[in-house]
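Working notes for the structure below.
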Amino acid sequence: MLARALYPPKNHLIHHPTTPVGIETPVGIESIGASCRLILNASFWVRLCAGVIAVTLMPGCHTRSDGAAEITSSGLSGRLTVTGSSTLAPLVVEIAKRFEQLNPGVRIDVQTGGTGKGIADVRSGVADIGMASRPLKGNETDLNAYKIAADGVSLIVHESNPVQELTQRQVVGIYTGKIDNWLQCGGRDQSIQVVHKAEGRATLEVFLKHFQIDNPDVKADVIVGDNQHGIKTVAGAVGALGYVSIGTAEVEAATGTPIRLLPVGGIAATTAKVASGEFPMSRPLNLVTIDLANPLVRTFVEFCQSEEVHDQVVAQYFVPIKK
Amino acid sequence: MNSLTDRLVSLMIGSAAALVAAVLGWVLLDILYRGIGDLSWEFLAQPPEDAGRSGGIAPIIVSTMLILMVALIAAVPLSLSAAAALAQQRHRRFGWAWIASRCLDVLAAVPSVVFGLFGNAFFCVALGMGYSILAGGLTLACMILPILIHTTEHGLRAVPADYHYAAASLGLSRTTTFFRITLPAALPAIAAGLVLGIGRALAETAALIFTAGYVTRQPESLMGSGRSMSVHIFDMAMNVPAGDGRANATAALLVAMLLIINAAAMSLASKASAKLSGQTAEDMNSRQYV
């Protein structure tokens, strides 16, 4: 098909001009070179456009992702689109890769954009499965959440900060602008840079819920997007206080980034404490669907919850869920 | 007194130029220093593993090239035609050409994330392309159109009017004059615009994350989703713990690709322009001789 489009037969419907102009080449422009002539040759463009259209349209017949699945003799086949939390996306990419290896007829496209986008995309039907790094809210009861891992949120300070722990009142005071110097929390005479997450981030909601702060009350010095951004900001400012995912912070602290994780409610901020359920400021990592009517969606969600992927959950610094 | 001021001023502008060069040098050295450790043949030839922390970026390079190809195929003919139309209107002040070029100025100033949201709403959802290389490439095409049109238009306008008069006196049609005389003479400027457009397209992250998407698999067709190198750098640096090394290696590769593309386009353009100006000089000589 491609070859026919590129080299149409003589009586083909496409107008196939010979050398475009009937006038002799003007003096002085003769030796511009063959490449320029090729570019200026109209029949080259006709062929190129025909080829491009052919390439574009050929696969168009079977690729629109609507999650249609069918059981064939070789097992599952079809295509799934998964969108949502950027925290969860790297993990689901890895799980999807393993799932595709086990079910060669399946393609799973993982996109990102935040928990809010995941939920919106599932509702609008753009995605088959959403990724949400928080529990579903009261106005999201039309959806079902399936927990595939857990993640704790920890307060982080610069490594050189002598403060060992902050009380609930101190954290609330710092984030609402009532406390602005580490001296007031038993530290050095150093102003506090409050690092806060942007609206829509799941860690922000976990943090605000735990400390019972209303977001409009927060007086932030820096607004960051994701965990790495938050960690880099705190690592670069001696007086900063921020909050990020424990899994990420633990790895960064272990690989030499100058940050320290503060305990919450006297419990050390470690992935082990999140796994045991002791750590108070933690969040579930969920897959979200409208229903499990599609067998491909059901099989993939069950696979994500199974022990087969626990090694991958741990490899992405999250905490696996034991059933 | 005067010479002292002169020296001071020349010292100031000299150091400003040195500072600008130093910034470029610093960025390049920093990226190379941090990225060179992770660069290897495996990195170029293998798909990513473990969320990108190991393995390579082969499918991502392929996706990047496909997105760029779609963008250029869509944008270059369109911008060439638009620039030709605008350049024709060289003496009129207020007309459709004026309105069109003001519109292009505004389009050039639109932040790329806005193009991303537009591309997602229009190409992915309204036209039903989904997250795909085609949608990403077309979004990028919209984004680089103003740069391409502006540089091409300026290139076409810079062609001496004498060429047109000579062509007219020889009885050439306007179409022939455009394709055989004006366009070849403007090639260096068009190539420079192409370099700028390719640079902007390769660097683009915000417009692609919502259109071409995040999938690291080898793209099977233009309708499949594919992650570009810029999106990969962003994801490695921001979403993947301990992904910095790979982010820097990908950045080093991207910079190397940009430098190679720049050098190639510039040398092609200068060759074409050398040929052209050589001929003009000959013409001038013969005219003097007559």
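Here are some notes:
- Inter-chain shielding of B:240-250 (mean C-beta neighbours from other protein chains, 10 Å cut-off): 4
- Distance between the stretch B:6-45 and the stretch B:83-149 - C-alpha centres, whole angstrom: 32
- Shape call, the stretch A:151-276: gyration tensor on alpha carbons, a/c limit 1.5: rounded
- Computed [θ] at 222 nm, helices only, for chain B once each DSSP H run of length n ≥ 4 contributes -39500 (n - 2.57): -24500 deg cm²/dmol
- For the stretch A:182-192, Karplus couplings with θ = phi - 60° (6.51, -1.76, 1.60), whole Hz, Gly/Pro x: 4, 4, 6, 10, x, x, 7, 6, 8, 6, 9
- Look at the stretch A:224-230: the mean tally of other chain Cβ atoms within 10 Å of its residues' Cβ atoms is 4.
- Once C-alpha pairs closer than 8 Å and six or more residues apart are averaged by separation and normalised to the residue number of chain B, the relative contact order reads 26 percent.
- When the accessible areas of A alone and B alone are added and the area of the pair subtracted, with a 1.4 Å probe, the result is around 4100 Å², both sides summed.
- Whole-number percent relative contact order across the stretch A:151-276, with pairs defined as alpha carbons under 8 Å at least 6 apart: 41
- As a ratio to 2.2 N^0.38 Å, the alpha-carbon radius of gyration for the stretch B:167-229 is 1.86.
- A straight line joining the Cα centroids of the stretch A:153-167 and the stretch B:215-261 runs 34 Å.
- Eligible aspartates and glutamates near B:Lys271 by straight Cα distance, threshold 17 Å, same-chain separation 8 or greater: A:Glu30, B:Glu282
- Coupling constants for the stretch B:177-191 follow from the phi torsions by the Karplus curve (6.51 cos²θ - 1.76 cosθ + 1.60, θ = phi - 60°), and in residue order they are 4, 5, 6, 9, 10, 5, 4, x, 5, 8, 3, x, 5, 5, 5 Hz; glycine and proline get x.
- Here the Karplus curve 6.51 cos²θ - 1.76 cosθ + 1.60, taken at θ = phi - 60°, turns the phi angles of the stretch A:265-281 into couplings of x, x, 9, 4, 8, 10, 5, 4, 5, 5, 4, 6, x, 6, 6, x, 9 Hz, with x standing for Gly and Pro.
- Folded to 0 to 90 degrees: helix B:244-289 orientation relative to chain B principal axis, Cα: 10
- Only the Cβ atoms of Lys and Arg (+1) and of Asp and Glu (-1) were treated as charged; on that basis the dipole of chain B about its Cα centre amounts to roughly 920 debye.
- For A:Val163 and B:Val113, a Förster radius of 51 Å and the Cβ-Cβ distance give a FRET efficiency of 0.85, rounded to the nearest 0.05.
- Descending by average beta-carbon neighbour count within 10 Å, the peptides A:231-239, B:128-136, A:146-154 line up as B:128-136, A:146-154, A:231-239, the highest first.
- Scanning residues 5 or more positions from A:Ile223 or on other chains, those with amide H under 5 Å from its amide H are A:His196, with H placed 1.01 Å from N in the peptide plane.
- Other protein chain Cβ atoms within 10 Å, averaged over every residue that makes up B:181-187: 3
- With 5 Å bins beginning at zero, the pair-distance distribution over Cα atoms of chain B amounts to 1, 5, 9, 12, 13, 13, 12, 11, 9, 7, 4, 3, 1, 0, 0 %.
- Pairs beyond 24 Å (Cα-Cα), from A:Lys147/A:Lys232; A:Lys137/A:Lys209; A:Lys117/A:Lys137; A:Lys117/A:Lys178; A:Lys117/A:Lys147; A:Lys117/A:Lys322: A:Lys147/A:Lys232; A:Lys117/A:Lys178; A:Lys117/A:Lys322
The values are calculated or read from the model by the stated rules, or taken from the named source; none is laboratory data. Keep in mind that this is a model prediction, so the values were computed, not measured. All Cβ positions, even for glycine, are placed from backbone atoms using ideal geometry, and neighbour counts span all protein chains on display. Quick note on the areas: whole protein, heavy atoms, side chains included, nothing else; ligands and nucleic acids left out. Shrake-Rupley method; radii C 1.70, N 1.55, O 1.52, S 1.80 Å.
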